[in-house]
1. Quick one: would you say residue 114 is assigned to a strand (DSSP E or B), in contact (Cβ under 8 Å) with a residue 24 or more places away in the chain, exposed (fewer than 15 other Cβ atoms within 10 Å of the Cβ) and among the basic types (Lys, Arg)?
2. I'm trying to understand the selection: among the residues of the stretch 175-211, which are part of a loop (DSSP other than H, G, I, E, B) and either among the polar types (S, T, N, Q) or closer than 27 Å to residue 106 by Cβ (or both)?
3. Can you tell me which condition residue 172 does not meet? The list is (1) exposed (fewer than 15 other Cβ atoms within 10 Å of the Cβ); (2) in contact with a strand residue (DSSP E or B) (Cβ under 7 Å, 6 or more places away or on another chain); (3) within 25 Å of residue 210 (Cβ to Cβ), and all the others hold.
4. Are there any pairs, at least 6 apart or on different chains, whose C-beta atoms fall under 8 Å, with the first in the stretch 173-194 and without any contact (Cβ under 8 Å) to a residue 24 or more places away in the chain and the second surrounded by fewer than 16 Cβ atoms within 10 Å (Cβ to Cβ) and in a loop (DSSP other than H, G, I, E, B), and if so, which?
5. Residue under question is residue 172, and the condition is that it be assigned to a strand (DSSP E or B) and modelled with pLDDT under 95; does it hold?
6. Do the conditions hold for residue 109, that is, is it without any contact (Cβ under 8 Å) to a residue 12 or more places away in the chain and either over 30 Å from residue 25 (Cα atoms) or out of contact with any Lys or Arg (no Cβ under 8 Å at 6 or more places or on another chain) (or both)?
7. Can you report the number of residues in the stretch 55-82 which are open to solvent by 50 Å² or more (accessible area, probe 1.4 Å), among the polar types (S, T, N, Q) and at pLDDT 90 or above?
Amino acid sequence: QVYGIFYATSFLDLYRSPKSLTTSLHNKTVIVRRDEQYLFLVRVVVPYLGPSSDYVVVRMIPDNRLPPRHLHVVRTGKTSAVIKWESPYDSPDQDLLYAIAVKDLIRKSDRSYKIRSRNSTVEYTLNKLEPGGKYHVIVQLGNMSKDSSIKITTVSLSAPDALKIITENDHVLLFWKSLALKEKHFNESRGYEIHMLDGAMNISAYLGNTTDTFFKISNLKLGHNYTFTVQARCLFGSQLCGEPAVLLYDELGSGAGASSARAARSTDVAAVVVPILFLILLSLAVGFAVLYTKHRRLRSSFTAFANSHYSSRLGSAIFSSGDDLGEDDEDAPMITGFSDDVPMVIA
């Protein structure tokens, strides 16, 4: 008889796609990895396929020289990064001491950390990193076994907002919002640096740096297209830089560039003129409303006055002299008598 030996690291693999070997003996040496747990079963395969035996679980002796597995970055920020890895073997039965080395590839400095964990999966947060920095992270067991490594690049500082250009007589001015308004890791004393690309000549130039939020640029050539960039100043060997804000400027003095500059000025003027015109129109509307109300009141008062001084019997208005004003008894005309030939009508 020939026996088949089937084995795998999980029940699913054992019944779907196990590894196997055959032997006609009643024992067999199987070479497997030292850091895994295996399931084994045996069955007759020749001259016929017999039923399988019960499975047995064999846990290999852990190898303390193995490296951490599946080291990767979970997420990165501007000044921190979260890394994650798995233990060298499944389900450690005791705390494992890990050594973490962080090498700054820009500043050429090193630092290290230690962490103990019995978990099969370990997560660790690296703090006090620099925006836009580059790091080499090494993780290994504390006994200086084989290591796993990964490279990390942190998120750079954001680009300044609202970059715009204003044309003056013999120069242009770049303006932008302070980066400190949205970046808590940015200090104004760090400043900004300005670069320019001449599209016609395909020449780039570093114009300088400033701690202000504006920059004056002179000696631009007519008919040339320019691209300006403003970013947080680079700190170390032009590597720790912020993201650039980009502005296209076409043909100084003519064409689209002049139009864009005029449009920028028109926008600024409109921002002031439109509210003023709105206030003027609002004031005129309120004034007309007041005049209309007064006119209505005056007309109503006149109508009431006319009705109170009109006699339907005489068919005419009745007014008192100035001396009689305020005397209620003499408001009506005096009746002197009746004529015999005038009929009296009593309603």
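1. Working: assigned to a strand (DSSP E or B): yes; in contact (Cβ under 8 Å) with a residue 24 or more places away in the chain: yes; exposed (fewer than 15 other Cβ atoms within 10 Å of the Cβ): yes; among the basic types (Lys, Arg): yes.
Criteria met by residue 114.
2. In the first step, residues of the stretch 175-211 are kept if they are part of a loop (DSSP other than H, G, I, E, B); the result is 176-178, 182-187, 191, 199-202, 211.
176, 178, 182, 183, 184, 185, 186, 187, 191, 202, 211 - these are the residues of the stretch 175-211 that are part of a loop (DSSP other than H, G, I, E, B) and either among the polar types (S, T, N, Q) or closer than 27 Å to residue 106 by Cβ (or both).
3. In the conditions (1) exposed (fewer than 15 other Cβ atoms within 10 Å of the Cβ); (2) in contact with a strand residue (DSSP E or B) (Cβ under 7 Å, 6 or more places away or on another chain); (3) within 25 Å of residue 210 (Cβ to Cβ), residue 172 misses (1) alone.
4. 180/187; 181/161; 188/178; 188/211; 189/211
5. Values: assigned to a strand (DSSP E or B): yes; modelled with pLDDT under 95: yes.
So residue 172 passes the test.
6. On the way: without any contact (Cβ under 8 Å) to a residue 12 or more places away in the chain: yes; either over 30 Å from residue 25 (Cα atoms) or out of contact with any Lys or Arg (no Cβ under 8 Å at 6 or more places or on another chain) (or both): yes.
Yes, satisfied.
7. Residues that pass the stated criteria total 1.
Per-residue answers, yes or no, for (1) among the hydroxyl-bearing types (Ser, Thr, Tyr); (2) open to solvent by 90 Å² or more (accessible area, probe 1.4 Å); (3) assigned by the TED database to the domain that holds residue 185:
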site	(1), (2), (3)
32	no, no, no
53	yes, no, no
102	no, no, no
108	no, yes, no
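The values are calculated or read from the model by the stated rules, or taken from the named source; none is laboratory data. This is a predicted model, so every value here is computed, not measured. Quick reminder, even Gly has a Cβ in these numbers, built from the backbone with ideal geometry, and neighbours come from all protein chains shown. In case anyone asks, the SASA skips ligands and DNA or RNA and just uses the protein heavy atoms, side chains included. Shrake-Rupley method; radii C 1.70, N 1.55, O 1.52, S 1.80 Å.
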